[in-house]
Amino acid sequence: MAKTRAGHHSVYVVYLRNPQGDGRAGYYVGMTGLSPEQRFENHKNGKKAARLVRKFGERLVPKLYAHLNPMPYERAVRMEVALADSLRKRGYLVFGGH
């Protein structure tokens, strides 16, 4: 099976409005084989959706991930964790990223 050089997986970040009911915003970090836009639409439509994103997701935040995409699956798995950890270390409330 031939592998593509760049890969077609992506990491993405969704802005969450008040996910814990305390007035604080948060982020959801995920990875997908779809475009981030299609994956976000699927979340909002309930298709393989994270409850937090469906209920509190407002928009994608491409400035946090667009420069990283696309990538091979194995790198996307690692990058999802690294991106979530990076946002947590900067003090943000982060969900997903596993």
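Any read-out appearing in this document is the output of simple, stated calculations on the displayed coordinates, not a laboratory observation. Predicted model only: the values in this text are computed from it and were never measured. Please note: Cβ atoms are built from the backbone with ideal geometry, for glycine as well, and neighbour counts cover all protein chains shown.
What's the longest bit of the chain with no exposed trypsin sites (Lys or Arg not before Pro), using DSSP loop states and at most 13 other Cβ atoms within 10 Å as the test? Longest stretch, sites excluded: 49-89.
Note on the chain: helix-only mean residue ellipticity at 222 nm, from DSSP H runs of 4+ residues weighted -39500 (n - 2.57) and normalised by residue number, equals -10000 deg cm²/dmol.
Output the relative contact order of the chain, whole-number percent, from Cα pairs under 8 angstrom with separation of 6+ residues.
Details: 172 pairs, mean separation 37.1, N = 98.
Reported relative contact order: 38 percent.
Computed from Cα positions, the angle between helix 36-45 and the longest principal axis of the chain comes to roughly 50 degrees.
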